[in-house]
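Structure first, then comments.
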Amino acid sequence: MANTIHQLLFGYYPHLALAVFFIGSIARFEYAQYGWTSSSSQLLRNKHMQLGSNLFHIGIILLFFGHLFGLLTPEKMYHHFILSSTKQLLSMIAGGIFGILCFIGMTLLVYRRLFDKRIRANSNFSDILILLILYTQLILGLWTIPISANHLNGANMVVLATWVQHILTFQPNAADLITHQHFIFKLHLFLGLTIFLIFPFTRLVHVWSLPLGYFFRTGYQIVRKGLGVR
């Protein structure tokens, strides 16, 4: 039974979560564009918002790209330049710094969302749920750092990266690779997949609207002088 559950969670569930992530995002863009927003609450109360939001976004973006390149880069592409053990140590240090920045920012945002009466009254269930899930996922990620410190040879990091690469390339028996991983790593993976699963149904879809074109503008925005508002 335990093996069956493990196969379902880490062999089949990842494909389901990623399929819902991509198909759901496309469907929401096509049929619910008016809900494609970050639904910022800054106008309601600015206290803790600017500092918390900046730290959160800086931390989460750096963590995301760190995971992206760290997990998707095959070992054979870097082992001539850096040892797996060194790569793991660098990942732990960078992840710890970015994770702490993100944790401080998220703590401010969670406190603001839950204990500011005005913000709480204008928050729906989805807003609070996704914030708490991200907060829990961040804590689990930080928790993996001292666990990783107990085995600095880089072997576990390679195993986790290989599992991700097997999932994305639809290779069989991917779940078997992480059978003996620490349960905190498994919780971190499962919750991460769950974030992908619920992504299209939350305000997180606004990340697809990152205005990259803003940085490549050819000129300034022209603002015409109006007659004013009476």
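The values are calculated or read from the model by the stated rules, or taken from the named source; none is laboratory data. Owing to the predicted nature of the structure, the values given are computational and were not obtained by experimental measurement. Here the Cβ positions follow ideal geometry from the backbone for every residue, glycine too, while neighbour counts run over all protein chains shown. The area values use the complete protein model at the heavy-atom level, side chains included, leaving out ligands, DNA and RNA. Shrake-Rupley method; radii C 1.70, N 1.55, O 1.52, S 1.80 Å.
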Note on residue 140: of the conditions (1) open to solvent by less than 40 Å² (accessible area, probe 1.4 Å); (2) closer than 15 Å to residue 87 by Cβ, unmet is (2)
Please determine, by comparing only the residues of segment 70-110 that are of a type in the set (Ser, Thr, Tyr) and over 20 Å from the mean Cα position of the chain (by Cα), which one is most open to solvent (accessible area, probe 1.4 Å). 86
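From the list 114, 89, 131, which one is of a type outside the set (Asp, Glu), at pLDDT 90 or above, in a helix (DSSP H, G or I) and within 23 Å of residue 199 (Cβ to Cβ)?
Matching residue, one of 114, 89, 131: 131.
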Check 155, 175 and return the single one that is modelled with pLDDT under 95 and open to solvent by less than 50 Å² (accessible area, probe 1.4 Å). 155
Please verify whether residue 132 is surrounded by 14 or more Cβ atoms within 10 Å (Cβ to Cβ) and without any contact (Cβ under 8 Å) to a residue 40 or more places away in the chain, treating the condition exactly as stated. yes
Hey, any hits in segment 153-173 for a residue that's polar (S, T, N, Q), over 16 Å from residue 88 (Cβ atoms) and part of a helix (DSSP H, G or I)? yes
Of 140, 160, which residue is in contact with a His (Cβ under 7 Å, 6 or more places away or on another chain), under 23 Å from residue 63 (Cα atoms) and at pLDDT 85 or above? 140
